[in-house]
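Written below as C-alpha cells is the structure these notes are about.
Values in this text are rule-based calculations from the coordinates and carry no lab data. This structure is a prediction, so every number in the text was calculated from the model and none was measured. Neighbour counts are summed over all protein chains in view; Cβ atoms, including those assigned to glycine, are modelled from backbone coordinates with ideal geometry.
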Amino acid sequence: MPETQPKVSIGIPVYNGENFLEEAMRSVLAQSFDDLELIVSDNASTDRTAEIVRDLAAGDRRVVALRNDRNLGAAPNYNRAWAAARGTYFKWLAHDDRMLPGYLEATVSALEAAPDAVLCNSLVEYIDGAGKHLGLYDSGLANADRPSPAERFAAMVLRSHSCVDFFGLLRRSAMENSLLHGPFHGADRAFLAQMALRGRLLQLETPLVQMREHENRYTRRHASLVERMRWHDASRPGRLVFPTWRLYGEYVKMVHHEPLPIGEKLRCWAVLGRWWFVNWNAVRAGVDMVAVAAPGIVGFAERIKTRLFGAAPGHFHQPHSH
C-alpha cells in the first residue's frame, strides 16, 4: 500500500471476475494521472480472481487487495471498497469495464476547477465481450450541471437514463453520510439523486470510459425481484421487496433530510409529485405488487414495454467525428 495519501482511490468490487478483471485493473494502473490507489474487494470468489489480484499487486504497490470470507452480496462489497479508500476523490469501477488512460487526469482536473461539483464522468463507450466498439452513450448528466439543487434533482429522477454515472469520479467528502450502494434494485439511481442534491454533476464530452455489454451482466442474469435482491445483499435472500416503492421512499427521505433552502426543498417535493407520471413509474409500482404472486411479471412487463414502445430513450448514438 502506498505510504502517502493518494489523490484518487479506485474501488473494484468483484465476484468471480476472472474473465475481465485483469483488463480493468490494468486500465487503472495505466492512467496518465498516477497519484492513486486501486482497491480490489474480492467477494469470496471461487475462480482465478484472487490469483489475478495477487499477481498484479506483487508488481505495483498501489494495489490494495481485500477479500471477504464469504459472499456478502454486491452492496456490502461495494461499500467495503469505499470504506477502505483514502483519496480525496473516489470512483467505483466494475470488474468488466475499463478506463482510457486520460480518464482520471480529465475528471480530476474538472472537479478541481469546480469546488461546488461533486461528480464528474465522461460520455461512455460501450464495448462487447471482445472489446469491440458497440456505440456511445450520453446519459444526459450535463442536465444536472446547474446551480439549483431542485433542477439537478429533477434531471436525475424525472428522465429515463441508465445509471452509468454511478461509476463517475466523486468527491469523497460528498459521499460521507450518503446512501453509497444501497441494498436494493435502483440504489444507483437513488445515490445519483442524492449527489445531485449535494452539488453539480459534470459531464465530459470525450468518451474516456468503456462499459462492457455481455450476457453475464447483472441485469441479464437476474431478472426476478428476489434474484436481484439476493445479488444486492446476500444476508436477506428471502425478503419481500418492492423496488419502485423503495426507490421513491429513498427520494422522500433524502429530500426531507438534506439541508436545502426552503424554496429548493419545496421544488423538490413538486418534482416527486411529478415522478409518478413519468417513465411508467406508476405502472412499475403496480408491477412490484403483482410480482409478489407472479415473480416473472417483471421481465415480462419489461419485454412488452420494449416491444411496444422501443428501448428507453438516450441509449447508443453514433460517435462524434474526430
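Spin-label pair Asp34-Glu105: with each label point 7 Å from Cα along the Cα-Cβ axis, the two points sit 1.2 nm from one another.
Anisotropy class assigned to region 1-56 is prolate, per the alpha carbon gyration tensor with a/c at or over the 1.5 cut-off and a/b larger than b/c.
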